[in-house]
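Novice: Structure provided below as structure tokens; questions to follow.
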Amino acid sequence: MNIKDSTKKDYLKERTGIQMAVSSKMMEALRKWKKAYINESEWVSEKVPSLELPSSIASEISRLVTVESEVNLSGSAKADYISSCLEQYTSNKKNIVETACSIGGMYFKPFFDGDEVLIDFVYQDEAIPFRFDGKGNVTGVIFPTFLFKNNKRYTKLEIHDFQKDKYIIENRAFVSKERDISDLFVGDPGHEISLTDVEEWQDIEPKIQVNGTEHPFYSYFRVPLANNIDRKSPLGVSVYARALKDIKKADIQMSRLDWEFDSKETAIELDESYLQQDIYGQTFLPKGKERMFRTYQSQGSFDKEKLFEHFSPEIRDQSFINGLNKYLQQIEFKCGLAYGTLSDPQQVDKTAEEIKTSKQRSYQLISDIQGSLENALRGLINSIDDICIANGLFDGGEINVAFTWDDSIIIDAAKEKQQDIQDINTGVLNKYEYRMKWYGEDEETAKAKIAEMNSSRPGITSVFMRDDVGDE
């Protein structure tokens with residue numbers, strides 16, 4: 001279904017009275033990002049296969065974001081229980097974050113399933129936001145669920161409408177003979193039916209009002225990149241959104257390289273009259289050697305010098321490889337990756353300062369995504385806490401949350417420390433500044449520690465004990 005044509009009629013508003021907060025440009029972008037991730041972009045074909053760059057980019061960024069990351073909860077039995085619930089995230093965190101990075105965001109939606117709290121990880125293109133607050137938080141969103149049986153599609157819309165004075169969760173059911181759900185934002189849910197008409201949904205409350213909560217029963221993880229698709233939209237964008245044109249060029253360039261190898265494959269050209277024939281008079285090539293020969297039919301006089309000819313032209317592979325590498329470097333730049341992540345690290349024709357800048361750019365991106373993910377996980381923890389209280393699992397209990405993010409992939413701490421020690425020796429860096437940086441001390445504490453070391457160990461010199469700690 002063509003999105004531009006389908007947006008002429010807003011089925012969601014017609015069926016529910018709710019106006020979605022997603023523009024046609026964002027719908028189209030979400031579709032492109034998803035297609036790119038699953039290798040179904042419009043330019044991908046048998047002749048131009050995908051290099052799978054979108055999934056590789058999302059995977060690498062996810063790896064850097066989640067490597068050795070930890071979420072630790074303590075303080076009470078409730079904290080321990082919520083920690084066990086988060087295993088649904090921690091056991092699969094890289095894959096969860098990877099897909100979120102590919103589509104621009106994800107909703108973390110916990111729910112009570114009889115006797116335990118489970119978590120739905122809903123990708124950005126699988127939910128329909130209809131309201132945002134002044135800070136860009138999603139305060140109104142629809143989570144669709146689909147059920148197929150009896151040659152019909154049943155759709156349940158779980159509508160979360162969070163406002164300061166009230167929080168309403170409404171469930172509505174629809175049925176349609178149309179089974180396609182590929183275009184969630186523009187599809188027709190069908191005509192409305194009662195939840196009791198569907199056996200699997202008959203125990204679900206049609207409407208619930210929640211009082212006293214300061215946040216909705218879901219959190220939104222947004223990829224923190226500026227939205228240049230729709231500047232007014234608070235929705236996140238894919239980590240490779242700005243590089244799609246270059247990804248297309250890279251795929252095409254790789255197909256050219258493949259063709260160069262295929263077309264220049266070494267072969268022997270010979271007259272087919274000198275090959276064996278089967279009982280039907282058809283010539284056949286030696287088994288297992290089919291790719292070695294190229295046959296032709298002799299015409300006119302017989303030329304002994306043309307019995308066969310060796311075909312082995314020069315392959316122009318390096319020029320194609322260089323061109324591909326340039327495209328890959330451009331993709332790295334636009335996706336916030338360090339040079340050499342996708343491209344050949346041996347061909348990074350950049351100055352030391354440019355390479356350092358590219359690593360800083362990568363670090364900044366990863367740090368921003370980690371911050372956004374931490375906020376979303378804190379929101380998830382708060383939502384699970386409220387659900388536990390609402391369903392009588394716990395009455396109270398302290399919850400202490402600590403996050404650990406590893407950045408050693410990007411920053412070589414050992415080398416940086418060694419450089420700082422050299423800077424102390426040359427007088428570029430003060431000793432108290434070193435302690436402030438690496439020990440997390442304030443200036444007063446750092447100077448006091450150095451003074452204490454000097455007084456307690458006279459006669460011993462080191463980078464920490466040589467001159468007046470008050471030197472600026």
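Novice: Could the peptides 29-38, 337-346 be put in order, highest first, of the mean number of other beta-carbon atoms found within 10 Å of their residues?
Specialist: Top of the packing list down: 29-38, 337-346.
Novice: Right, something else. Per residue, how much accessible area does segment 79-167 show when a 1.4 Å probe rolls over the protein heavy atoms, in square angstrom? All intermediate terms of the calculation are to be shown ahead of the outcome.
Specialist: On the way: 3700 Å² over 89 residues.
Ligands and nucleic acids excluded, the result is 42 Å² per residue.
Novice: While we're here: Residue 139's amide H: which non-local residues (gap 5+, or another chain) put their own amide H closer than 5 Å, with H modeled 1.01 Å from N in plane and none for Pro or chain starts?
Specialist: 131, 132, 133
Novice: Give me the percent of accessible area attributable to carbon and sulfur for segment 111-198, probe 1.4 angstrom. Please report the intermediate quantities before stating the final value.
Specialist: Working: 1880 of 4280 Å².
Result for segment 111-198: 44 percent of the exposed heavy-atom area is carbon or sulfur.
Novice: If we sort 178-190, 416-428 on the protection proxy, mean other Cβ atoms within 10 Å, highest first, what's the order?
Specialist: 178-190, 416-428
Novice: Here is a further query. Grab segment 1-87 and count how many Lys pairs have their alpha-carbon atoms under 26 Å apart, sequence gap of 8 or more, or different chains.
Specialist: Pairs that pass both the separation and distance tests number 21.
Novice: Calculate one ³J(HN,Hα) per residue across segment 214-223 by plugging θ = phi - 60° into the Karplus curve 6.51 cos²θ - 1.76 cosθ + 1.60, and present them in order as whole Hz with x for glycine and proline.
Specialist: Values, residue by residue: 9, 7, x, 7, 6, 9, 10, 9, 10, 5 Hz.
Novice: Quick one: length gained pulling residue 245 to residue 38 fully straight, 0.36 nm per residue minus the C-alpha distance?
Specialist: Numbers: separation 207, 0.36 × 207 = 74.52 nm, distance 1.65 nm.
Computed gain between residue 245 and residue 38 is 72.9 nm.
Novice: Nearest 0.05, what FRET efficiency do residue 151 and residue 322 give at R0 = 56 Å with Cβ-Cβ as r? Spell out each step's value before the answer.
Specialist: Numbers: r = 56 Å, r/R0 = 0.99.
My answer for the efficiency is 0.50.
Novice: Using a simple spin-label model with points 7 Å from Cα along the Cα→Cβ vector, what separation in nm is obtained for residue 439 and residue 197?
Specialist: Result for the modelled spin labels: 7.2 nm.
Novice: What whole-number distance in Å separates the alpha-carbon centres of segment 141-164 and segment 181-231?
Specialist: 6 Å
Novice: Continuing with this model, one more query. Enumerate lysine pairs in segment 119-186 that are 8 or more residues apart or on different chains, then count those whose Cα atoms are under 20 Å apart.
Specialist: On the way: 135/164; 135/166; 149/177; 152/177; 156/177.
Taking the Cα cut-off of 20 Å, the pair count is 5.
Novice: Give me a comma-separated list of calculated 3J(HN,Hα) values for segment 362-378, in order, Karplus coefficients 6.51, -1.76, 1.60 applied at θ = phi - 60°, integers in Hz, x for any Gly or Pro.
Specialist: 5, 4, 5, 4, 4, 4, 5, 5, 4, x, 5, 5, 4, 4, 5, 5, 4
Novice: I want to check the label-to-label distance for residue 166 and residue 133. Put each point 7 Å from Cα in the C-beta direction and report it in nm to one decimal.
Specialist: 1.8 nm
Novice: Taking 0.36 nm per intervening residue step and subtracting the Cα-Cα distance, what contour gain separates residue 111 from residue 448 on full extension? Provide the component values of the computation, followed by the final result.
Specialist: On the way: separation 337, 0.36 × 337 = 121.32 nm, distance 5.21 nm.
Length gained between residue 111 and residue 448: 116.1 nm.
Novice: Continuing with the same structure: Under a Cβ-only charge scheme (Lys and Arg +1, Asp and Glu -1), can you give me the dipole magnitude of segment 171-242 about the Cα centre, in debye to the nearest 20?
Specialist: Numbers: 8 positive and 12 negative charges, 133 e Å.
It comes to approximately 640 debye.
Novice: List the relative contact order of segment 86-186 as a percent without decimals, with contacts defined as Cα pairs under 8 Å and 6+ residues apart.
Specialist: Values: 145 pairs, mean separation 15.7, N = 101.
Reported as a whole number, the value is 16 percent.
Novice: Normalised by the residues of segment 154-233, what does the relative contact order come to in percent, with Cα pairs under 8 Å and at least six apart? Each step should come with its number before you reach the end.
Specialist: Numbers: 92 pairs, mean separation 22.8, N = 80.
With pairs under 8 Å counted, the relative contact order is 29 percent.
The values are calculated or read from the model by the stated rules, or taken from the named source; none is laboratory data. Being a predicted model, the structure only gives us computed values, none of them experimental. Note: ideal-geometry Cβ built from the backbone for every residue, glycine included; neighbour counts use all protein chains shown. Note: areas computed on protein heavy atoms with side chains; ligands, DNA, RNA excluded. Shrake-Rupley method; radii C 1.70, N 1.55, O 1.52, S 1.80 Å.
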